[in-house]
Amino acid sequence: MNINQFQQQLIEYAATIGIDKIGFTSASPFRELKNRLIRQQELGYASGFEESDINKRTHPELLLSEAESIIAIAIAYPSKMKDAPQSVKGARRGIFARASWGTDYHTVLREKLALLELFILTHIPDARLRSMVDTGELSDRAVAERAGIGWSAKNCSIITPEFGSYVYLGEMITSIPFAPSEQMEDQCGDCTLCLDICPTGALIQGGQLDAQRCIAFVTQTKTIVPDEFRTKIGNRIYGCDTCQTICPKNKGKANMHQSAFKPDPELVKPLLVPLLSMTNRSFKETYGHMSGAWRGKNPIQRNAILALAHFKEVSAVPVLIQLLENDPRPVIRGTAAWAIGKINSEEGLTALKKAEQTEVVEEVLKEINKGLQFYKIEK
């Protein structure tokens, strides 16, 4: 078989199954990336969600011994939604980041990669293949950059000329020696808007992220949110889009063509108070198809409490008091205590004083004290 001809057939087939971009690169080691990852670990900038073995992240041959090339794919997701509900006093809403709109992208991209695998094996039955999306060992962005999908931007995203940075990435290691695609030149220029606007200063410099400070990471943790980030989160209940929405390269990129990622406005911009009473079952039934549900309901509910504090939503205080008094989870009780103080109602002050006498968990007592401090500061 002529590999060049088959490569073109594969490109054409990819377009018919809804893959927006496809590129190819060699399976040679990612040596520059390896040095960067080592440095990230030394600085304590890694999130901990990544594959911990840097060799596996940078040496494709460790994942597929016959590795010759890697296929990279990108599928665009929407940056806008129609009929977005308004967040108003008495009915405050949170927001899921755009990368969690619609069906979980892991599911969608795995299905596309499975179709690609089937197409390849139909034509080259003895081909060896290994696909991955996000949770695999390789760095999706490093593969996409080298395969010409886009350039690696200062906000640590891959930016494509066609869809901006609103793209999901996946890859397939193959035993087939496909011709590599041409890499794209960096087009960020001297723009630093993403660095300037990052709410927590997580973007240390162009292309370097301290994941521990990134709001997208913080919203996915399961512990008490560090004090310095609480007022930075705003009404985000999963993820953060700030460094994308500010990017000039994303201007006008609506990307509404992938039906799988069409957002349900009531789900991606949900009312906050109802979130707080959801059971594990109801949360899974409602949000389980979204990628933002992968950590379960606890971080989402904790973030919803912080969002109510952000809005200083007095009408939510009775619900927060119920959580403070009755919820079995220390993180939720503690976050509720802080939020009650931030909102600063008289009803809240009474509840915090009462809880101070009955709470036995030290972590929660600290948050109750922080809540009480708001009253001393403001009155």
> Using a simple spin-label model with points 7 Å from Cα along the Cα→Cβ vector, what separation in nm is obtained for residue 62 and residue 208?
Replying inline: 2.4
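Please compute the length gained on full extension between residue 193 and residue 260, using 0.36 nm multiplied by the number of residues separating them and subtracting their Cα-Cα distance.
Values: separation 67, 0.36 × 67 = 24.12 nm, distance 3.07 nm.
That works out to 21.1 nm of additional length.
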> Between the range 140-157 and the range 272-286, how many Å separate their Cα centres?
Replying inline: 36
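What is the sum of charges around residue 69, taking Lys and Arg as +1, Asp and Glu as -1, for the other residues whose C-beta is under 13 Å from the C-beta of residue 69?
On the way: positive: 128, 130, 146; negative: 61, 66, 68, 171.
That sum, taken over residues with Cβ under 13 Å, equals -1.
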> What is the Cα centroid distance between the range 158-216 and the range 81-138, reported in whole angstrom?
Replying inline: 17
> Extension gain residue 329-residue 245, at 0.36 nm per residue separation less the Cα-Cα distance, in nm?
Replying inline: 26.8 nm
> For the chain, with only Lys/Arg (+1) and Asp/Glu (-1) charged at the beta-carbon, what is the dipole magnitude about the Cα centre, in debye rounded to 20?
Replying inline: 1220
> From the residues 368, 358, 328, which one has its Cα farthest along the dipole of the range 312-379 in the positive direction, the dipole being from +1 and -1 charges on Cβ of Lys/Arg and Asp/Glu about the Cα centre?
Replying inline: 368
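Using the crude model of +1 on Lys and Arg Cβ and -1 on Asp and Glu Cβ, and no other charge, please compute the dipole size for the range 319-359 relative to its Cα centre, in debye to 20. Spell out each step's value before the answer.
Values: 5 positive and 6 negative charges, 23 e Å.
Computed charge dipole of the range 319-359: roughly 120 debye.
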> In the range 16-83, which chymotrypsin sites (Phe, Trp or Tyr not before Pro) are in a loop and have at most 16 other Cβ atoms within 10 Å, using DSSP for the loop call?
Replying inline: 49
> In the chain, how does Rg compare with the Kirkwood Rh, expressed as the Rg/Rh ratio over alpha carbon atoms?
Replying inline: 1.03
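Can you tell me the equivalent ellipsoid semi-axes for the range 312-379? Use √(5λ) from the Cα gyration tensor, largest first, whole Å.
Details: eigenvalues 55, 34, 18 Å².
Equivalent-ellipsoid dimensions as semi-axes: 17, 13, 9 Å.
Using only Cα atoms, figure out Rg for the range 237-312 and give it as a multiple of 2.2 N^0.38 Å. Please report the intermediate quantities before stating the final value.
Details: Rg = 14.3 Å, N = 76, 2.2 N^0.38 = 11.4 Å.
Dividing the Cα Rg of the range 237-312 by 2.2 N^0.38 Å gives 1.26.
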> So which chymotrypsin sites (Phe, Trp or Tyr not before Pro) in the range 300-379 end up in coil per DSSP with only 13 or fewer other C-beta atoms within 10 Å?
Replying inline: none
>> 7 Å from Cα along Cα→Cβ at both residue 84 and residue 162: what's the point-to-point distance in nm?
In response: 2.6
> How many percent of all Cα-Cα pairs in the range 82-187 sit more than 18 Å apart?
Replying inline: 61
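Read the figures in this text as sums done on the coordinates, not as results from a lab. In this text the structure is predicted, and so the values were computed from the model without any measurement. Neighbour counts are summed over all protein chains in view; Cβ atoms, including those assigned to glycine, are modelled from backbone coordinates with ideal geometry.
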